[in-house]
1. Looking at 50, 131, can you tell me which residue is more than 16 Å from residue 27 (Cβ to Cβ) and either part of a strand (DSSP E or B) or in contact with a Leu (Cβ under 9 Å, 6 or more places away or on another chain) (or both)?
2. Can you tell me how many residues in the range 6-31 are among the hydrophobic types (A, V, I, L, M, F, W, C), assigned to a helix (DSSP H, G or I) and free of Cβ contacts under 8 Å to residues at least 24 places away in the same chain?
3. Do you know which of the residues in the range 130-144 that are hydrophobic (A, V, I, L, M, F, W, C) and in contact with a Lys or Arg (Cβ under 8 Å, 6 or more places away or on another chain) is most open to solvent (accessible area, probe 1.4 Å)?
4. Tell me which residues, restricted to the range 58-79, are open to solvent by 30 Å² or more (accessible area, probe 1.4 Å) and part of a loop (DSSP other than H, G, I, E, B).
5. When you scan the range 102-129, how many residues do you find that are crowded, with 17+ Cβ neighbours inside 10 Å and within 19 Å of residue 44 (Cα to Cα)?
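The values are calculated or read from the model by the stated rules, or taken from the named source; none is laboratory data. From a predicted model like this one, the values you see are computed outputs, not experimental measurements. Virtual Cβ from ideal backbone geometry, glycine too; neighbours counted across all protein chains shown. Remember, those area values only see protein heavy atoms, side chains included, never the ligands or the DNA or RNA. Shrake-Rupley method; radii C 1.70, N 1.55, O 1.52, S 1.80 Å.
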Amino acid sequence: MNKAAQLYWNKYWAFRTTEKPQKVSAWQFGETPDYLAQLVIDGIKTATCSGHVFYELENEPLPAVNDYNIILNGADEPVVMTRTVEVQVMPMNEVPEAFAVAEGEGDRTYQYWWDTHVRFFKEDLDKVGLSWSEDMMVVCERFEVVDVIR
């Protein structure tokens, strides 16, 4: 987590009556972090998915319910905090339309979601010498906005 995100995290919890959670991550969304972060702020994007294999390759734990995330813009500045409310791992070709729509991107159709994610995953998998398949395992995460950073 970068310094700006750490400062925000500590400041946010400084005057809360509930205990500060121990697990928090700070990261940018995909190829267009400013656009996607704004969709979260606007309440349009309430879900995201990632390739399961990348957690394995990077030796990172899967997201879990009640994880906190500080979403960064393209300049690595915190803009919104979310809390994970649901995590499911499934083959990409079994992701339901409702989940794809909840990702909130493009024209908010399943076809847009599918085409965008196929391209994105093919590019990322190619970088690590792996091939895409329609039944690759993906981590589907739903979240809620906790705080918008003004």
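1. Matching residue, one of 50, 131: 131.
2. Number of matching residues: 3.
3. Per the criteria, the residue is 132.
4. 58, 59, 60, 61, 62, 64, 65, 66, 74, 75, 76, 77
5. Total satisfying the criteria: 6.
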